[in-house]
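For reference, the structure is listed below as structure tokens.
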Amino acid sequence: MAELWDGYLWPLIVIIAKIVLIVGPLLIAVAYLTYAERKVIGAMQMRKGPNVVGPFGLLQPMADGVKLFLKETVIPTGANRVVFVLAPVLTFFLALVAWAVIPFSEGWVLADINVGILYLFAISSLGVYGIIMAGWASNSKYAFLGGLRSAGQMVSYEVSIGFVLVAVLLTAGSLNLSKIVEAQRSVWFVIPHLPMFVIFYISGLAETNRCPFDLPEAESELVAGYNVEYSAMTFAQFFLGEYANMILMAAMGAILFLGGWLPPFDVAPFNWLPGIVWFFLKIAFLLFGFLWVRATFPRYRYDQLMRLGWKVFLPFSLFWVVLTAGVLLALGRLPQG
């Protein structure tokens with residue numbers, strides 16, 4: 001019995017506790033990101049935003065969650081019921097499992113695998129399946145068009161994100177996310193790779209279907225896009241998945257370009273704050289940019305979206321990878337093997 005406890009049960013309990021410690025705060029962060037978005041955009045448009053439910057409207061996310069939970073889940077008569085219900089579950093699940101390899105601070109990571117950056121890329125690539133499934137299973141032309149748009153959009157911008165990741169891992173010499181952060185102790189990668197950071201950030205907006213690239217959810221011509229037939233908790237899962245992906249893209253940006261948990265300067269008072277606090281501050285900074293963009297820019301046309309991805313970002317990111325490899329080779333710092 002002691003061997004069973006030490007060999008299987010105790011490690012399993014520890015892993016489950018770690019997962020709860022990641023997923024719990026993440027869900028709270030997702031809920032209050034919706035509140036922050038409405039407050040920030042309200043301030044930019046000179047209005048109050050949520051201010052009725054609770055002090056300063058702080059209980060508004062809870063009220064929204066209770067409302068969605070209590071509503072009836074309506075499944076259209078012509079829909080494929082299994083795929084219809086599975087699509088939002090898959091989207092939400094993929095938004096959570098990606099956090100397994102995210103290092104919050106030195107040694108604070110659930111799975112410190114040597115191919116963490118490939119794991120993240122694979123999970124983000126799978127995210128499109130949930131939206132395609134939702135668009136097809138709804139048996140609605142609006143949802144189907146939204147799903148097709150999203151598939152084209154996410155595939156297009158994943159290519160440029162892939163080249164961005166290649167440039168970063170060439171510089172860091174590792175696919176391990178913790179080692180990529182450690183490689184930035186002398187200088188954050190945002191300085192030598194500033195154009196790649198800009199491409200990554202804009203591609204992140206497109207990858208998460210955020211304004212000005214929210215074509216799959218274009219209410220002006222598609223009513224509400226791929227999620228038009230969804231209601232109650234099935235809609236809430238899409239909603240939670242989208243905002244969890246926003247936080248994930250901000251976390252990836254912080255790790256790849258802003259030094260992760262490292263302070264900007266390794267001197268007082270910057271090094272007094274714990275690494276995890278710096279990590280969360282960087283995520284909050286990048287998320288504020290997501291909200292600012294939504295309040296500022298109009299939506300792109302679909303041909304403009306595709307032209308930006310294939311004719312601007314793809315050739316430039318490919319050129320930057322070649323340039324990075326050439327500079328590292330000249331300096332004798334190109335990773336071997």
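Where residues in segment 37-67 are of a type in the set (S, T, N, Q) and free of Cβ contacts under 8 Å to residues at least 40 places away in the same chain, which of them is surrounded by the most Cβ atoms within 10 Å (Cβ to Cβ)?
Our first condition is that a residue be of a type in the set (S, T, N, Q); within segment 37-67, this holds for 45, 51, 60.
After this cut, where a residue has to be free of Cβ contacts under 8 Å to residues at least 40 places away in the same chain as well, the list is 51, 60.
Numbers: 51: 15, 60: 21.
So, considering only residues that are of a type in the set (S, T, N, Q) and free of Cβ contacts under 8 Å to residues at least 40 places away in the same chain, the one surrounded by the most Cβ atoms within 10 Å (Cβ to Cβ) is 60.
Across segment 178-207, what is the total count of residues that are out of contact with any Phe, Trp or Tyr (no Cβ under 7 Å at 6 or more places or on another chain) and open to solvent by 10 Å² or more (accessible area, probe 1.4 Å)?
13
Which helices (runs of 4 or more DSSP H) does segment 260-337 wholly contain that include 1 or more residues that are more than 30 Å from residue 109 (Cβ to Cβ) and β-branched (Val, Ile, Thr)?
275-296, 314-330
Which of the residues belonging to segment 216-232 are among the hydrophobic types (A, V, I, L, M, F, W, C) and either open to solvent by 40 Å² or more (accessible area, probe 1.4 Å) or at pLDDT 75 or above (or both)?
Taking segment 216-232 and keeping what is among the hydrophobic types (A, V, I, L, M, F, W, C), we get 218, 222-224, 228, 232.
Hits for segment 216-232 are 223, 228, 232.
Condition first: in contact (Cβ under 8 Å) with a residue 12 or more places away in the chain, within 30 Å of residue 231 (Cα to Cα) and surrounded by fewer than 19 Cβ atoms within 10 Å (Cβ to Cβ). Can you find one or more residues in segment 103-116 that meet it?
Looking for residues that are in contact (Cβ under 8 Å) with a residue 12 or more places away in the chain, within 30 Å of residue 231 (Cα to Cα) and surrounded by fewer than 19 Cβ atoms within 10 Å (Cβ to Cβ), one finds none in segment 103-116, hence no.
Go through segment 314-337 and give me each residue that's more than 18 Å from residue 203 (Cβ to Cβ) and either open to solvent by 60 Å² or more (accessible area, probe 1.4 Å) or of a type in the set (S, T, N, Q) (or both).
Result: 322, 323, 327, 329, 330, 331, 332, 333, 336, 337.
Determine the pairs where a residue that is among the β-branched types (Val, Ile, Thr), located within segment 277-289, has a partner that is assigned to a helix (DSSP H, G or I) with Cβ atoms under 7 Å apart, the partner being 6 or more residues away or on another chain.
Listed by first residue and then by second, the contacts come to 283/247; 283/250; 283/251; 283/254.
Which residues, taken from segment 184-206, are β-branched (Val, Ile, Thr), in a helix (DSSP H, G or I) and over 13 Å from residue 167 (Cβ atoms)? Before the answer, list the steps.
Residues of segment 184-206 that are β-branched (Val, Ile, Thr), as a first pass: 187, 190-191, 198-199, 202.
Within this subset, residues satisfying the condition of being in a helix (DSSP H, G or I) are 198-199, 202.
Passing the criteria: only 202.
Could you tell me which of the residues 161, 123 is at pLDDT 85 or above, within 22 Å of residue 28 (Cβ to Cβ), open to solvent by less than 30 Å² (accessible area, probe 1.4 Å) and part of a helix (DSSP H, G or I)? Explain how you work it out, then say what you get.
Values: 161 fails: within 22 Å of residue 28 (Cβ to Cβ).
Criteria check complete, one pass: 123.
Any residue that is hydrophobic (A, V, I, L, M, F, W, C), in contact (Cβ under 8 Å) with a residue 12 or more places away in the chain and exposed (fewer than 14 other Cβ atoms within 10 Å of the Cβ) - is there at least one of those in segment 296-313?
yes
The values are calculated or read from the model by the stated rules, or taken from the named source; none is laboratory data. Because the structure is a prediction, the values reported are computed rather than measured. With ideal geometry, Cβ positions are generated from the backbone for all residues, glycine too; neighbour counts draw on all protein chains shown. Ligands, DNA and RNA are excluded from the accessible area calculation, which covers all protein heavy atoms including side chains. Shrake-Rupley method; radii C 1.70, N 1.55, O 1.52, S 1.80 Å.
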